[in-house]
Amino acid sequence: MEVTFWGVRGAIPSPGPATVRYGGNTSCVSVRLDDGETIMIDCGTGARNFGLSLLAGAFGKGKGCATVLLSHSHWDHIQGFPFFGPFYVPGNRFTVIGGSQDSELLERVLERQMAAQFFPVQSYRNMGAQIEMHAGREVRVGNAKITAHPNPHGPTQAMAFRIESEGKTLVYASDVGYEKDGPTQGTLTAYRNADLLIHDCTFTPEDRAQRISRGLSSLDDAVEAAVRSNARTLALFHYDQDYTDQDVDELVARGRRKLDQRGAQSTSILGAAEGVTVRL
Amino acid sequence: MRVRFWGVRGSLPVPGARTERYGGNTSCVEITSAAGTRIIIDGGTGIRRLGKELMRAEFESGKGQAHILVSHTHWDHIQGLPFFSPFYREGNRLFVYARQRDDQNLRSVFASQADAPFFPVSFDRTRASVSFRELHDGAKFEIDDVQVATTRLNHPHVATAYAIAADGARVAYVADTAPFTDILFGQEFLSGPPHQNVRLSRSDKTKLKAMASAVVRLCEGADLVIYDTMYTADEYRQLPHFGHSRPSDAIGVCSEAGVRTLALFHHAPDRTDGEVDAMLDGARLQAGQLAHKVEVLAAFEGLDIQLGKA
């Protein structure tokens, strides 16, 4: 499978010269399975550029089909939904899955974003494509098995997604604030032996310590999760809106040292950046 | 009077190297009078950095005061508000103005943006004092030493244009609006361009004409007009039903109103820096051919203009 980053930022898009290399768009990751199936994980502003790339192919002709996984419905994970071009081409078909919600609730949440006072299209039903909402923690997409695992995210929850296909495993775990003891056994089982673990790394450990609990991870949390779940590669993700490219470079370098100190020399680390594709 | 641009983009923020010069943040303009009255028009993502700057002065100690005029509540004009730090400091006084609607209460529209499941900090937890003032169409009022005039625009769900006068200078903010020629917007969703053989009714034509002359009156003699010029002529032909103008529409209004400078504003998300440059060149050429010369610039993040007496 092929994993591409379209938005790697948390909270709010942060345009400007200081974020050009890693990118300022909010969370969106695409997965292309070997059998050709398309999956989009989260729908932050990065979804706009992903949509533009899809329109060049079958999705531009109304012949596309994709699955959309939503970890939770905070703005930075859904604000690209109204601007995802393939939703506006009749004939395209989408299944939207938000593991924590029943399908009616999910529909109401997305409809509120589309309401007349906020957006001129008024309803996702007016967009053109066929969009269906599904509940459920286990789905099959082509030859892939997808499981959703609820993680604590402040007073609420965010889904981590595990995608297994043709012997390869991707885990997406954004927006997670573990309890004091770190990830639970259930969480580690959901993450186990991932070829690529995309993990929330909103803050440096120092910045994290200064925040009142908002349910987000530090670099230490990401390293801890990667080491204890035996990840092959850790991708840092969901950076704070004020972190510059240099700050993120620093996070990655510190992450490398921390992995080495934990004896995880074989685990590689990267800082997720817009436009980067990782082939598993 | 000082005018500063914090966000100049329409629709949604667009980070990246292709928008680095003009900026990728959505709409936000700050106007400060010489006496220190602070007006902020629209709360797109640009307002986040303005908030951070304000927190370096009196807003940090809870002694700040600002008036936020909202053109309309589409996302790109309000999505930065939950990230505006002065809201979270006790003692600050913030006044939010927007058009009165009979179907919704202004406070609830803003509060719903900060509700679960969308945002972790509910609006009730803002520590500043926030007052909402609902405006009727054409409202005129004063904020200390600043005179504010308004008129309605032609946009889905309706938007409000503002004119701000102080220190012997006048600025108008005209966004978002379609031209006043082909479609009259109300609340309804328009799924596509109007059919070519369907003509506007006489009453719609009359309403559009009245709206257009009210906009010209609002801009009359302005030193600076900030105008929604999201579309090229080609894009307008394809998407007239989204309610945005072309540079030629803005030049027409500004020329008729005897405006000194026009700022192209609310750039489309896919407009690269080079394309904004090209749009500006075209607009300057067009404006240069008119009897009344209008100076044209393209708004960018960080643009800082001093008007009237300082």
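The values are calculated or read from the model by the stated rules, or taken from the named source; none is laboratory data. All values reported here derive from a predicted model rather than from experimental measurement. Methodologically, a virtual Cβ is constructed for each residue, glycine included, from the backbone with ideal geometry; neighbour enumeration extends over all protein chains shown.
Summary table
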item	result
Residues being in contact (Cβ under 8 Å) with a residue 40 or more places away in the chain and either touching a helix residue (DSSP H, G or I) at 6+ places or on another chain (Cβ under 6 Å) or crowded, with 21+ Cβ neighbours inside 10 Å (or both) - total across the stretch A:224-242	9
Subset of the stretch A:106-126 [in contact (Cβ under 8 Å) with a residue 40 or more places away in the chain and either in contact with a Pro (Cβ under 8 Å, 6 or more places away or on another chain) or at the interface with chain B (Cβ under 8 Å from one of its Cβ atoms) (or both)]	none
Any hit, the stretch B:238-253, residues being touching a residue at least 24 places away in the same chain (Cβ under 8 Å), within 14 Å of chain A (Cβ to nearest Cβ) and in a strand (DSSP E or B)	no
Filter pass, A:Pro13 being over 16 Å from the mean Cα position of the chain (by Cα), of a type outside the set (Val, Ile, Thr) and within 11 Å of another protein chain (Cβ to nearest Cβ)	no
Matching option when the condition is over 22 Å from B:Pro120 (Cα atoms) and either hydrophobic (A, V, I, L, M, F, W, C) or at the interface with chain B (Cβ under 10 Å from one of its Cβ atoms) (or both), among A:Ile131, A:Ile97	A:Ile131
Residue satisfying all of: in the stretch A:139-159; of a type in the set (A, V, I, L, M) and either touching a His at 6+ places or on another chain (Cβ under 8 Å) or within 14 Å of another protein chain (Cβ to nearest Cβ) (or both); nearest to A:Thr189 (Cα to Cα) among these	A:Met159
Any chance B:Asn105 is polar (S, T, N, Q) and away from chain A (no Cβ under 12 Å)	no
Matching residues in the stretch B:111-127 - criterion: being assigned to a helix (DSSP H, G or I) and more than 10 Å from chain A (Cβ to nearest Cβ)	B:Ala111, B:Phe123, B:Asp124, B:Arg125
Any hit, the stretch B:256-271, residues being modelled with pLDDT of 95 or more, touching a Pro at 6+ places or on another chain (Cβ under 7 Å) and in a helix (DSSP H, G or I)	no
Meets criteria (touching a Leu at 6+ places or on another chain (Cβ under 6 Å) and of a type in the set (Ser, Thr, Tyr)) for B:Tyr162	yes
Residues of the stretch B:2-17 satisfying the condition of being outside any strand (DSSP E or B) and at the interface with chain A (Cβ under 10 Å from one of its Cβ atoms)	B:Ser11, B:Leu12, B:Pro13, B:Val14, B:Pro15, B:Gly16, B:Ala17
Index of the failed condition, A:Ser103 passing every other in (1) more than 19 Å from B:Leu190 (Cα to Cα); (2) facing another protein chain (nearest Cβ under 10 Å)	(2)
Number of positions in the stretch B:170-184 that are part of a loop (DSSP other than H, G, I, E, B) and either among the β-branched types (Val, Ile, Thr) or crowded, with 20+ Cβ neighbours inside 10 Å (or both)	8
